[in-house]
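Participant: I have a structure here, written as structure tokens, and I will follow up with some questions on it.
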Amino acid sequence: YFGLLSLGKPKEGETVLVTTAAGAVGSVAGQIAKLKGCRVVGITGGPEKAKRLTDDYGFDASIDYRGKDAAQLTAAIGAAAPDGIDVFYDNVGGAQLDAGLGNMNWEGRIASCGMISEYDQAERHKFQNMFQIVGKVLTIHGFLSFTYGEEFPAAMEEISQWMKAGEIKFDEEVADGLDEAVPGFLKLFSGANKGKMV
């Protein structure tokens with residue numbers, strides 16, 4: 001909510017790119033972008049999740065990142081968003097951030113929510129498109145949820161209204177019991193979870 005609306009500042013008719021788009025955070029970010037009148041492209045892992053983006057969450061296009069390097073992802077984003085990306089909501093970093101940078105429009109805005117692709121990697125991604133930050137006068141803004149703590153009540157009120165109206169859908173996967181806590185947590189890093197991991 002805050003990363004997309006306060007930092008991304010999407011305008012009606014713009015194109016928004018979301019990574020980990022079938023997850024708890026990305027799916028909501030994309031659906032809010034749709035509510036604001038944007039065209040939304042989501043990146044996720046696997047054909048089932050890619051289908052969920054368009055069929056269940058209303059995204060305009062989806063991309064399965066699996067088996068694609070940064071150059072192939074850059075081309076896939078370009079094909080899904082031929083007019084470029086105005087707002088990029090990134091949860092992943094690495095190759096997906098690099099590919100998104102390669103498709104940004106002039107003065108595009110990037111809200112960086114996480115770098116999950118880099119957390120447990122010994123070798124970091126070698127970026128090819130970083131100059132786009134300068135060349136296209138991009139804004140990249142990292143954030144943490146507690147940055148907006150005072151604004152939580154108003155945000156929760158609006159989000160709950162959207163949910164009650166059926167305008168935002170979500171999925172949950174529950175790991176039941178302490179024995180399932182670690183395997184459930186590790187699903188977040190492999191992409192095996194379906195929606196919010198609880």
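Participant: Give the residue that is most open to solvent (accessible area, probe 1.4 Å), with candidates limited to residues of the stretch 103-130 that are modelled with pLDDT of 95 or more and more than 16 Å from Gly26 (Cβ to Cβ).
Facilitator: Applying the filter and picking the extreme gives Trp106.
Participant: Could you list all residues from the stretch 26-56 that are farther than 18 Å from Glu14 by Cβ and of a type outside the set (A, V, I, L, M, F, W, C)?
Facilitator: Ser27, Thr44, Gly45, Gly46, Pro47, Glu48, Lys49, Lys51, Arg52, Thr54, Asp55, Asp56 - these are the residues of the stretch 26-56 that are farther than 18 Å from Glu14 by Cβ and of a type outside the set (A, V, I, L, M, F, W, C).
Participant: Within the stretch 157-198, how many residues are at pLDDT below 85, open to solvent by less than 90 Å² (accessible area, probe 1.4 Å) and under 16 Å from Gln31 (Cα atoms)?
Facilitator: Number satisfying all stated conditions: 2.
Participant: Give Ala111, Ala33, Ala79 a once-over and let me know the one that is of a type in the set (Gly, Ala, Ser), out of contact with any Ser or Thr (no Cβ under 6 Å at 6 or more places or on another chain) and in a strand (DSSP E or B).
Facilitator: Matching residue, one of Ala111, Ala33, Ala79: Ala111.
Participant: Say we look at the stretch 37-72 and pick out the residues that are open to solvent by less than 20 Å² (accessible area, probe 1.4 Å) and part of a strand (DSSP E or B); which of these is nearest to Ala22 (Cα to Cα)?
Facilitator: Looking at the filtered set, the residue picked out is Thr44.
Participant: Inside the stretch 6-30, can you point out the residues that are surrounded by fewer than 24 Cβ atoms within 10 Å (Cβ to Cβ) and either touching a Phe, Trp or Tyr at 6+ places or on another chain (Cβ under 8 Å) or at pLDDT below 95 (or both)?
Facilitator: Ser6, Leu7, Ala24, Val25, Val28
Participant: Inspect all residues belonging to the stretch 142-156 and state whether any of them is modelled with pLDDT under 75, open to solvent by 50 Å² or more (accessible area, probe 1.4 Å) and not charged (D, E, K, R).
Facilitator: No, there is no match, as no residue in the stretch 142-156 is modelled with pLDDT under 75, open to solvent by 50 Å² or more (accessible area, probe 1.4 Å) and not charged (D, E, K, R).
The values are calculated or read from the model by the stated rules, or taken from the named source; none is laboratory data. Not measured: the values here are computed from a predicted model. When we count neighbours, we look across all protein chains shown, and the Cβ atoms used for this are built from the backbone with ideal geometry, even at glycine. When the accessible area is computed, the model is the full protein with side chains, heavy atoms only, and any ligands, DNA or RNA have been set aside. Shrake-Rupley method; radii C 1.70, N 1.55, O 1.52, S 1.80 Å.
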